[in-house]
Amino acid sequence: MKLSLHYYLSIILFSLCFSAYAQEFSISGTVVDANSEPIDLANIIILAEDGTTFIKGTSTGEKGYFKLNNLTPKAYFIRISFIGFEAFEQKIILSGHLNLKTIQLAETAENLDEVTVIAKKPTITRKPDRLIFNVENTALTEGSTLGVLKNTPGIIVTEGGINIKSAQAAIFINNRRVQLTSDELIQLLESSPANSIKSVEVITNPSASYDADSGSVINIIMSKNLVTGYRGSVQTNYTQGVFPRYNAATSHYFKNDKFNFNVNYSYTNQKINRDQDDRVNFLDNANEVNQIWQSDVNRNTWSESHTLNLNLDFFIDDKNTLSLTSTGLYTPYFKYQINNNTDIRDQSQDFLSRFTADNLSRDNKYNIGSNLIFRHNFENNAALTFDAHYTTYNYERDQNVFSNFFDVNNVFSNASEFNTLANQSTNIITGKIDYNLPINESSSFDAGAKYSNVNTDSDITRVDIVNGTEFLNTANTDAFKYDEKVFAAYSNYSKSWDKWDLNIGLRVEQTNIEGESQTLNQTNTQDYFSWFPNASLSHQAAKDVMVYGNYKRSITRPSFKDLNPFTFFINENTIVTGNPNLVPAFIDHFSVGISFLKHFTVEAYYMNYENDSYELPRQDNATNILAFTPLNLDQRTDFGFDFLFDYNITNNWNLYAVTSFFNMTEATNFDNDFIEKSQWSNLSQLSNSLSLLEDKSLNINLSVLYLSRNLQYFSSVEDRVISSLSVSKSVFNKSAMISLTVEDLFNQQDFDISTRYLNQSNSSFSDLDNRTIKLGFRYKFGNTKLNTNERSTNAEERDRIKDLN
């Protein structure tokens with residue numbers, strides 16, 4: 001018995017020793033620069049002890065972290081390198097799992113003016129929660145920021161806003177939200193040059209650190225200045241649509257040991273045309289056509305705008321950084337003119353009467369948003385960030401509407417005229433604190449809290465003019481005060497093990513809203529507490545196969561514009577009015593997908609909207625008034641299947657293709673009448689990026705997007721094709737760039753929308769001023785040779801790294 005026990009103990013000890021001898025270990029660490037900022041895509045190479053024989057290789061992730069597994073215990077030589085920095089080299093003896101903690105790379109002392117770097121990475125990077133569209137050194141960066149978004153897979157830019165497929169997207173720049181209205185946001189992005197953009201992140205499952213109303217996020221990442229010194233550029237563009245448009249811009253970057261500063265300024269002068277054919281079939285009690293109102297509408301917009309973007313980082317010491325960012329949009333001149341001619345006919349198309357309505361508006365507005373950020377890095381790589389934000393917005397519109405009415409014989413009968421003066425002042429204040437803790441090399445924890453306050457004072461005054469005498473129209477004169485407070489807290493945990501990656505988070509928000517119409521003596525209050533969980537799980541099932549699943553709950557709050565009960569008159573029979581009874585919408589978003597063979601991704605998704613709201617056209621058949629009014633829907637669901645393909649045909653040619661088949665179902669009650677509509681649709685996009693000539697100085701991007709007939713809040717939108725071609729060529733020893741961009745190549749971007757349900761029957765065709773040709777020129781000075789801050793590897797190292805993925 002005693003012998004037997006010793007025997008088994010010997011066997012166990014021998015097995016343990018053998019296991020220890022045969023065990024494989026890992027090397028991990030985090031690579032940062034002199035300012036403790038993580039370095040993405042640094043090269044990590046493991047060599048044999050002689051320093052020449054290659055063993056393994058990888059590159060750092062977004063947070064500068066790397067890990068190399070399956071290394072046997074022995075002596076190695078590690079080399080860490082990144083363009084613009086001195087390489088880190090060290091001999092190590094591996095006898096267990098080794099965490100190198102933080103490796104700080106120092107800038108090279110050599111003159112980087114003589115270095116030309118060309119990005120080697122693919123155009124598209126797919127991750128479980130987002131798609132990253134890398135645009136640096138492509139022809140797209142010679143256009144506008146809005147032009148880049150139009151070419152980004154999954155993003156649809158229309159005159160109504162910027163969507164990720166059917167969901168409206170929140171816009172961030174360097175992870176900071178842009179607080180602008182939809183129209184102002186498009187104006188800002190259209191006037192901002194794209195030459196400073198590094199990439200665009202299309203985030204369909206934002207983490208809990210994002211606001212709960214950020215259900216879908218577009219994050220525009222700007223390039224960082226990695227080298228000490230100064231560089232700058234000047235740029236000008238001429239665009240020919242129906243009318244000419246002009247843009248001039250300049251960008252400047254400066255960096256030393258204490259400061260990193262960049263500023264971008266842009267001036268735009270433009271006139272934009274829009275033609276529209278509208279038809280409203282006013283119905284009788286049996287829902288038969290009673291009168292047909294056909295309108296020929298021409299809209300012109302003149303504007304001059306100034307945009308300014310400023311970023312300043314002050315490196316207090318190795319652990320503390322103070323940053324200031326500011327984005328401003330100033331529009332001192334904005335004129336909006338609508339000329340409308342409406343014919344009124346009976347059901348037999350016999351002429352009954354007509355009227356003309358001329359609407360002329362002049363605006364003066366500005367929007368300035370600034371962030372002050374303090375960041376402290378701890379010894380254990382944890383970080384604490386304080387972020388204070390303030391936006392001030394001021395808007396003034398002076399409007400005149402003059403209408404002439406003609407009888408059945410087309411003879412002038414009478415006229416009407418009125419003026420409105422609308423003012424709005426908005427202040428947004430937010431305070432945010434975030435804490436990030438790397439628990440170990442494979443897990444991290446984030447937590448934070450935020451307070452935000454939106455305060456708006458607005459008023460509108462209407463004056464009717466009768467026989468040259470002005471009369472105050474008290475029924476359409478009002479003042480509105482809006483106050484919104486949101487208290488939020490969140491936590492987020494991420495963990496990687498074996499071939500699994502997990503990210504779970506929870507955000508809670510308490511919302512207090514009060515809207516007061518002083519003239520109507522109406523007060524609307526909303527107080528609610530909500531939970532917003534999110535989760536993401538992915539598994540590397542095989543070398544080239546990854547499966548993933550995501551869940552996110554988010555909210556869409558009614559804007560103060562939608563809650564404002566004001567009535568804005570386009571003419572006497574077409575109005576836009578708010579709805580103080582709107583409630584928030586909650587969205588549940590589920591998705592599962594698989595990426596395989598390096599180039600393919602298939603994803604299925606389901607989105608359920610509770611109380612979704614939208615500005616619907618609602619015709620009153622008794623008064624012949626068409627009112628655009630935001631309303632809550634009882635039910636809205638969106639589900640579908642996405643198929644993605646990304647492939648580098650050659651080193652100079654990248655092809656990206658996506659097709660999505662999706663179903664939209666909408667249902668609600670209108671005055672006790674139930675309506676439900678459903679529609680299957682297809683969205684397909686094909687994008688080609690090419691670099692030509694030996695020095696790759698000629699870049700071409702061609703993108704075509706097809707959207708079939710689709711359902712949009714009980715209205716059917718006919719199919720359309722959105723297309724663009726961008727060409728850029730570097731000249732003057734790569735110190736300058738000339739570019740050409742053509743939009744709407746096939747003249748298929750205009751759209752037809754129709755509404756047919758219950759007692760609603762109207763349609764509209766919009767001929768937009770979107771078929772354009774743009775010529776651009778940009779000249780660079782200072783450290784002009786550094787084209788990108790991305791890494792460059794030789795072919796041997798790149799192939800080795802590729803084999804490990």
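The values are calculated or read from the model by the stated rules, or taken from the named source; none is laboratory data. Being a predicted model, the structure only gives us computed values, none of them experimental. Counting neighbours? That spans all protein chains shown, and the Cβs are built from the backbone with ideal geometry, glycine included. Side chains included, ligands, DNA and RNA excluded: accessible areas come from the protein's heavy atoms. Shrake-Rupley method; radii C 1.70, N 1.55, O 1.52, S 1.80 Å.
Here Glu615 meets each of (1) open to solvent by 30 Å² or more (accessible area, probe 1.4 Å); (2) assigned to a strand (DSSP E or B); (3) out of contact with any helix residue (DSSP H, G or I) (no Cβ under 9 Å at 6 or more places or on another chain) with one exception, condition (3). In region 307-353, the qualifying residues are those that are among the aromatic types (Phe, Trp, Tyr) and in contact (Cβ under 8 Å) with a residue 40 or more places away in the chain, and the one that is nearest to Ser766 (Cα to Cα) is Phe351. Restricted to region 385-438, and to residues there that are of a type in the set (Gly, Ala, Ser) and more than 30 Å from Asn309 (Cβ to Cβ), the residue that is least open to solvent (accessible area, probe 1.4 Å) is Ser403. Within region 692-703, the set of residues being assigned to a strand (DSSP E or B) and touching a residue at least 40 places away in the same chain (Cβ under 8 Å) comprises Leu692, Asn699, Ile700, Asn701, Ser703. For region 699-708, which residues satisfy the criterion of being open to solvent by 40 Å² or more (accessible area, probe 1.4 Å) and out of contact with any Ser or Thr (no Cβ under 6 Å at 6 or more places or on another chain)? Scanning region 699-708 gives Ile700, Leu702.
Within the option set Gly51, Gly61, being out of contact with any strand residue (DSSP E or B) (no Cβ under 6 Å at 6 or more places or on another chain), in a loop (DSSP other than H, G, I, E, B) and touching a residue at least 12 places away in the same chain (Cβ under 8 Å) holds for one residue only, Gly61.
From Tyr528, Tyr490, which residue is in contact with a strand residue (DSSP E or B) (Cβ under 7 Å, 6 or more places away or on another chain) and within 30 Å of Thr601 (Cβ to Cβ)? If you could, list the steps in order and put the result at the bottom.
Working: Tyr528 fails: within 30 Å of Thr601 (Cβ to Cβ).
Residue meeting the stated conditions: Tyr490.
Being open to solvent by less than 40 Å² (accessible area, probe 1.4 Å) and polar (S, T, N, Q), is that true of even one residue in region 483-495? Yes, because at least one residue in region 483-495 is open to solvent by less than 40 Å² (accessible area, probe 1.4 Å) and polar (S, T, N, Q).
Does region 218-230 include one or more residues that are open to solvent by 40 Å² or more (accessible area, probe 1.4 Å), modelled with pLDDT under 90 and over 22 Å from the mean Cα position of the chain (by Cα)? Can you show your working first?
Of region 218-230, the ones open to solvent by 40 Å² or more (accessible area, probe 1.4 Å) are 222, 224, 228, 230.
Filter again for modelled with pLDDT under 90, leaving 222, 224, 228, 230.
Pick out the ones that are also over 22 Å from the mean Cα position of the chain (by Cα) and you get 228, 230.
Yes, region 218-230 contains at least one residue that is open to solvent by 40 Å² or more (accessible area, probe 1.4 Å), modelled with pLDDT under 90 and over 22 Å from the mean Cα position of the chain (by Cα).
Out of all the residues in region 718-731, is one or more within 30 Å of Arg618 (Cα to Cα), among the small types (Gly, Ala, Ser) and either surrounded by 18 or more Cβ atoms within 10 Å (Cβ to Cβ) or in contact with a Gly (Cβ under 8 Å, 6 or more places away or on another chain) (or both)?
Quick first cut of region 718-731, residues within 30 Å of Arg618 (Cα to Cα) only: 718-722.
Subsequent filtering for residues that are among the small types (Gly, Ala, Ser) retains none.
No: zero hits.
Check whether at least one residue in region 558-572 is open to solvent by less than 30 Å² (accessible area, probe 1.4 Å), part of a strand (DSSP E or B) and closer than 25 Å to Glu666 by Cβ, and report yes or no. Within region 558-572, not a single residue is open to solvent by less than 30 Å² (accessible area, probe 1.4 Å), part of a strand (DSSP E or B) and closer than 25 Å to Glu666 by Cβ. Restricting Asp358, Asp343 to those that are open to solvent by 60 Å² or more (accessible area, probe 1.4 Å), over 32 Å from the mean Cα position of the chain (by Cα) and not hydroxyl-bearing (Ser, Thr, Tyr) reduces the list to Asp358.
Would region 300-318 turn up any residue that is in a strand (DSSP E or B), within 30 Å of Asn759 (Cα to Cα) and either within 33 Å of the chain's Cα centre (by Cα) or modelled with pLDDT of 95 or more (or both)?
Within region 300-318, the subset in a strand (DSSP E or B) is 300-315.
After this cut, where a residue has to be within 30 Å of Asn759 (Cα to Cα) as well, the list is none.
Checking region 300-318: not a single residue is in a strand (DSSP E or B), within 30 Å of Asn759 (Cα to Cα) and either within 33 Å of the chain's Cα centre (by Cα) or modelled with pLDDT of 95 or more (or both).
Here Thr268, Thr327, Thr307 are screened, and the one residue that is out of contact with any Phe, Trp or Tyr (no Cβ under 9 Å at 6 or more places or on another chain), crowded, with 20+ Cβ neighbours inside 10 Å and of a type in the set (Ser, Thr, Tyr) is Thr327. Scanning region 648-661 for residues that are open to solvent by less than 40 Å² (accessible area, probe 1.4 Å) and touching a Ser or Thr at 6+ places or on another chain (Cβ under 6 Å), we see that the one that is farthest from Ser761 (Cα to Cα) is Asn654.
In the set (1) part of a strand (DSSP E or B); (2) touching a residue at least 24 places away in the same chain (Cβ under 8 Å), His252 fails one condition alone, (2). All of Ile186, Ile156 fail the test of being among the aliphatic types (A, V, I, L, M), part of a strand (DSSP E or B) and under 12 Å from the mean Cα position of the chain (by Cα), apart from Ile156. Taking the criterion of being among the basic types (Lys, Arg), over 30 Å from Lys780 (Cβ atoms) and over 28 Å from the mean Cα position of the chain (by Cα), the only residue of region 252-285 that qualifies is Arg279. Every residue in region 489-530 that is among the charged types (D, E, K, R) and within 19 Å of Phe586 (Cβ to Cβ), please. Scanning region 489-530 gives Arg507, Glu509, Asp527.
Evaluating Glu184 against the criteria (1) charged (D, E, K, R); (2) open to solvent by less than 30 Å² (accessible area, probe 1.4 Å); (3) modelled with pLDDT of 85 or more leaves one unmet condition, (3). May I ask you to list the residues in region 732-765 that are part of a strand (DSSP E or B), open to solvent by 50 Å² or more (accessible area, probe 1.4 Å) and farther than 17 Å from Val157 by Cα? Scanning region 732-765 gives Ile738, Leu740, Arg756, Phe765.
Would you say Asn340 is in a strand (DSSP E or B) and closer than 19 Å to Asp296 by Cα? Working first, answer last.
Working: in a strand (DSSP E or B): yes; closer than 19 Å to Asp296 by Cα: yes.
So Asn340 passes the test.
Evaluating Asn436 against the criteria (1) in contact (Cβ under 8 Å) with a residue 40 or more places away in the chain; (2) within 29 Å of the chain's Cα centre (by Cα); (3) more than 21 Å from His376 (Cα to Cα) leaves one unmet condition, (3).
Of all residues in region 361-371, those that are open to solvent by 30 Å² or more (accessible area, probe 1.4 Å) and hydroxyl-bearing (Ser, Thr, Tyr) total 2.
Within region 456-481, restricting attention to residues that are outside any strand (DSSP E or B) and not hydrophobic (A, V, I, L, M, F, W, C), which residue is modelled with the highest pLDDT?
Start the filter on region 456-481 by keeping residues that are outside any strand (DSSP E or B), which leaves 467-468, 473-477.
This time we only want the ones that are not hydrophobic (A, V, I, L, M, F, W, C), so: 467-468, 473-474, 476-477.
On the way: Asn467: 89, Gly468: 89, Asn473: 93, Thr474: 90, Asn476: 89, Thr477: 90.
Here the residue is Asn473.
With the structure loaded, tell me whether Asn380 is over 16 Å from Ser303 (Cα atoms), touching a residue at least 40 places away in the same chain (Cβ under 8 Å) and not in a strand (DSSP E or B) or whether it fails that test. Please lay out each step first, then the result.
Values: over 16 Å from Ser303 (Cα atoms): yes; touching a residue at least 40 places away in the same chain (Cβ under 8 Å): yes; not in a strand (DSSP E or B): yes.
Considered against the rule, which asks whether it is over 16 Å from Ser303 (Cα atoms), touching a residue at least 40 places away in the same chain (Cβ under 8 Å) and not in a strand (DSSP E or B), Asn380 comes out as yes.
Taking the stated definitions as given, is Val242 open to solvent by 60 Å² or more (accessible area, probe 1.4 Å), modelled with pLDDT of 95 or more and among the β-branched types (Val, Ile, Thr)? Spelling it out, Val242 is indeed open to solvent by 60 Å² or more (accessible area, probe 1.4 Å), modelled with pLDDT of 95 or more and among the β-branched types (Val, Ile, Thr).
For first residues located in region 555-572 and on the phi < 0 side of the Ramachandran plot and among the acidic types (Asp, Glu), partners that are crowded, with 19+ Cβ neighbours inside 10 Å and not in a strand (DSSP E or B) and lie 6+ apart or on another chain with Cβ distances below 8 Å form the pairs Asp562/Gly578; Asp562/Leu582. May I ask you to say which residue of Phe641, Phe645 is open to solvent by 70 Å² or more (accessible area, probe 1.4 Å), farther than 30 Å from Gly578 by Cα and in a strand (DSSP E or B)? Phe641 is the lone residue from the list that is open to solvent by 70 Å² or more (accessible area, probe 1.4 Å), farther than 30 Å from Gly578 by Cα and in a strand (DSSP E or B).
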